[in-house]
Amino acid sequence: MSDQNIFAAVLDKVRAATNALAADGMLPAGIDQSRIVVEPPRESAHGDMATNAAMVLAKDAGSKPRPLAEAIAAKLRGDELVAKAEVAGPGFINLTLKPAAWIDALRAVLTTGANYGRSDIGQGTAVDVEYVSANPTGPLHVGHCRGAVFGDALANLLAFSGFEVTREYYINDAGAQVDALARSAFLRYREALGEDIGAIPEGLYPGDYLKPVGAELATRDGASLKDKPETEWLPLVRDRAIDMMMADIRNDLRSLNVVHDVFFSERSLIEGPRDQVGETIAALRRAGYVYEGRLAPPKGAPVEDWEDREQTLFRATDFGDDVDRPLMKSDGSYTYFASDIAYHKNKVDRGFASMIDVWGADHGGYVKRVQAAVKAVRAVTQAPSAELDIKIVQLVKLLRGGEPVKMSKRAGEFVTLRDVVDEVGKDPVRFMMLYRKNDAALDFDLARVIEQSRDNPVFYVQYGHARGQSILRNAREVVADLPSEQAAARAFLLAGAPLERLEDSGELALMRRLALYPRLIEAAAIAHEPHRIAFYLYDLASDLHAQWNRGNDASYLRFIIQNDPQMTMARLALVEGVVTVLASGLRLLGVEAPEEMR
């Protein structure tokens, strides 16, 4: 746990209280305290924090929860940071802390700076975050955009929390879809040579985005490909088309500031120096997880990969799936699922103790079988830990002023990621794609996300940072020696301000909010939920704007008090803390923290 986490510090105090009760003989020595938690109460009126200590210890203690809670609360009331410890309901303990606790939290922000909230909970654990992984058969669309932003922000969050993160893209460059890409590109090649190709046949890709591929092939190969049989030209065209599509995809991702560490080729599993798919099937067979058999006819909705024939099957039902899964097609080639098992085994072999796959909504039915596969791989490889978390990102409905947006002329069938970024900019796209939980559908309104209003969360948060910076700039009229460019030096100076003068309810609310940040980071990292940061930043910015407005109504609450430089210093320290945390959270989301808004 981070030593900046006030909830972790209070948890230590609760455990110290229960240890003291054990020393007094009221609790058994060595009682299991692992289930004790300290968290924000459901109602703010109940205090600052709540603990379940008595509820989880009562059974082992041979006591009813409420009397035990009274005893724990009595110990906590003697702590220097605890103002009140009250027992509620069947045995919960609500805690109210003294202002000194929040002042300490603010001072921790100022002294730690950009590292405030950074955690070591990951302890260097190797995590593979695989995201986007769109088929290289066309431009990225707005749905891919959400997965790209989610995966990238999650990777940022995990790295900030002490994990060793690899950002990975799985290139689906094998199978029928890339052969269809090659045939589509070949038509554009013939078109580039001056041939009238007519309408694009059903089953091929009609978008104009393949015209540059055809033109490049015509420049590179002239007319030589036209006279070759398909068996010769198809691999040549396919490889070039994939390369050019992936170059476009990388460029589109860069426009969102998304950069992967690894691009892993599906084809390399089979066409590399080893047939890794075949090796994986053989390993599973030796362990008894692969057999030759028939699948029963599906009941109800048809199963897409069911065939009435004897075939090579993976015992997916042994690991929680609904049916066993085919690994070989009738033509002797591997199923996509077989490649997927081998790919995840490759990840395990590369030493990843944790794997996170970010998938689109259309892959929801694929979750059970891949999780079953990873369990089998873990058993076969005897990996000490190889956990897989699959995060589904739901659909994005693109609007402009409440009306659905028409499809892209270039893509032909959808609105591209690049269209959206070019219209509204990277920051609104990234923030708003994270301003909903990943498994909830998202309405993205191109008009709303560029409005300058409280109803536009990305503007409101960025404006909060810019407003804080403006306050710090204007304060030099009162505090002449306040460093202007060096935030670290300014924070160091402000850490020595008389922070005990921050007694107003709005000031205390801001300090409480800042104190939440380290716990929020750890909780979001553990849950793999970066949207929590976006929600928190909006609340923090709202608190700052509210305090600003209160100062407009009552001059004594203003951040800059002309005839009281010490109070000004204390309030500037609070502003410095807010802009530091806003900048930190925005950085994790991949969004700029502007110095001023124009």
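No lab work stands behind these numbers, since they all come straight from the coordinates. Computed from a predicted structure; not experimentally measured. All Cβ positions, even for glycine, are placed from backbone atoms using ideal geometry, and neighbour counts span all protein chains on display.
So here's what we get for this one:
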quantity	calculated
Distant-in-sequence amide H partners of Glu164 (H built 1.01 Å from N, under 5 Å)	Gly124, Thr125, Ala126, Val127
From phi via Karplus (6.51, -1.76, 1.60), per-residue ³J(HN,Hα) for region 250-259 in Hz, x at Gly/Pro	4, 5, 4, 5, 4, 5, 9, 6, 10, 10
Rounded to the nearest 20 debye, dipole of the chain from Cβ charges on Lys, Arg, Asp, Glu	980
Reachable aspartates and glutamates from Lys211, criterion Cα separation under 12 angstrom, eight or more residues apart if same chain	Glu191
Electrostatic dipole magnitude of region 398-450 [Cβ: Lys, Arg +1; Asp, Glu -1; Cα centre; debye, to 20]	100
For region 476-518 versus region 90-127, the gap between their alpha-carbon centres in whole angstrom	17
Residue-by-residue Karplus 3J(HN,Hα) for region 553-560, coefficients 6.51, -1.76, 1.60, Hz, glycine and proline x	7, 9, 4, 5, 9, 5, 5, 10
With Cα atoms, 0 to 90° folded angle of helix 6-23 axis to the chain main axis	70
Read-out Rg/Rh (Cα atoms, Kirkwood Rh), derived from the coordinates shown; its label in (i) 1.30; (ii) 0.98; (iii) 1.05	(iii)
Residue among Thr51, Ala126, Ser354 farthest towards the positive dipole end of the chain, charges placed on Cβ	Thr51
Over 31 Å between alpha carbons, listed pairs Lys368/Lys437; Lys329/Lys426; Lys329/Lys406; Lys299/Lys406; Lys345/Lys437; Lys13/Lys59	Lys329/Lys426; Lys329/Lys406; Lys299/Lys406
Interchain or long-range residues, amide H under 5 Å from Asp443's placed H	Lys397
Residue-averaged [θ]222 nm for the chain, counting only DSSP H segments that reach four residues, each worth -39500 (n - 2.57)	-15500 deg cm²/dmol
Tilt relative to the chain, helix 367-381 - C-alpha long axis, 0 to 90 degrees, to 10	90
Rounded FRET efficiency, nearest 0.05, which uses the C-beta distance separating Val259 from Asn115 and R0 of 35 Å	0.95
Pair Lys397, Ala480: separation of 7 Å Cα→Cβ label points (nm)	6.0
Antiparallel DSSP beta bridges within the chain, percent to nearest 5	45
Stretchable slack from Glu39 to Asp504, in nm (0.36 nm times residue separation minus alpha-carbon distance)	165.0 nm
Per DSSP, loop GluC sites (Glu not before Pro) in region 78-135 with at most 14 further Cβ within 10 Å	Glu80
Dipole magnitude (debye, nearest 20) for region 27-74, charges at Cβ of Lys, Arg, Asp, Glu	180
Computed over region 431-572: relative contact order in percent, which uses C-alpha pairs under 8 Å that are six or more apart	32
Phe264 long-range amide H proximity, modeled H, under 5 Å	Tyr169, Tyr170, Ile171
Using a Förster distance of 45 Å, the FRET efficiency for Met26-Ala523 (Cβ separation, nearest 0.05)	0.90
Percent RCO, i.e. relative contact order, over region 120-200, from Cα pairs under 8 Å lying at least 6 residues apart	38
Glu86 versus Glu451: modelled label distance in nm, points set 7 Å from Cα along the beta carbon direction	3.9
Efficiency of FRET from Cβ geometry, Lys228 and Glu271, R₀ 25 Å, rounded to 0.05	0.75
Relative contact order for the chain, counting Cα pairs under 8 Å that sit 6 or more residues apart, in percent	16
Alpha-carbon centroids, region 164-226 and region 305-362: separation in whole Å	29
